[in-house]
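The numbers here are math on the coordinates, done by the rules we state, and not lab data. A quick note: this is a predicted structure, and the numbers were derived from the prediction, not measured. We place every Cβ from the backbone using ideal geometry, glycine too, and count neighbours over all the protein chains shown.
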Amino acid sequence: MQANEKALAEKLVWLFSSGPTGVFKVFRWTGWFGLAGVIFIIIEIPLWILPGAAPLISDAVAHAQYLANIRVIALTRVLLDILMYMSLMVFFAGFRHLVVKRRPEYEWVGTLAFGAGVVWWAGSLVADGLEGGAVLNTLGGNVVLLAPELL
């Protein structure tokens, strides 16, 4: 029984370590930012459903008109995505830190999760930049640049 109590005491000391980089503080920040990222995802889901199905990308005129019609919704989605990326990147970094602190032999798991998060973040950020740019290009009825066959 004493071995179990000693192991529990070691875990509690690890969890509640003091200092500005204490594991408990990192644990809390990681959890809050992960929760914030999930909340941003949940808020964003209806914004993908409300506008309906987009026309095929091969039909440039219809797609440009669709983007012009949903410009406020699309830009709101991009804004929520940026907030979600920020939150989840803090979560990924905190998760890696917690894994390394608790189980150094599993550092590769934390680094793999962090690396996957960075790759996902970079790809999604490019996609959001392209969507936001296409939507901003339609402001003021500027559909011709997206649909060159109208020239």
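Just order 75-81, 90-96 by mean Cβ neighbour count inside 10 Å, highest at the front, would you?
Top to bottom by mean Cβ count within 10 Å: 90-96, 75-81.
Any idea how far apart V126 and I42 come out in nm if each label point goes 7 Å out from Cα toward Cβ?
3.2
What ranking of W120, W48 emerges when the number of other C-beta atoms within 10 Å of each C-beta is taken as an exposure proxy, fewest first? Let's see the in-between values first.
Values: W120 14, W48 10.
Fewest to most other Cβ atoms nearby, the residues stand as W48, W120.
Mind listing the phi-derived Karplus ³J(HN,Hα) values for region 41-56, rounded to whole Hz, using 6.51, -1.76 and 1.60 with θ = phi - 60°, and x for any glycine or proline?
Calculated HN-Hα couplings, in order: 5, 5, 5, 6, 3, x, 6, 8, 8, 4, x, x, 6, 7, x, 4 Hz.
For labels at L139 and A7 in the simple 7 Å Cα→Cβ model, what's the distance in nm?
It is 6.0 nm.
Could you check the simple spin-label distance between N69 and W29, using points 7 Å along Cα→Cβ, in nm with one decimal?
The two pseudo-label positions are separated by 4.6 nm.
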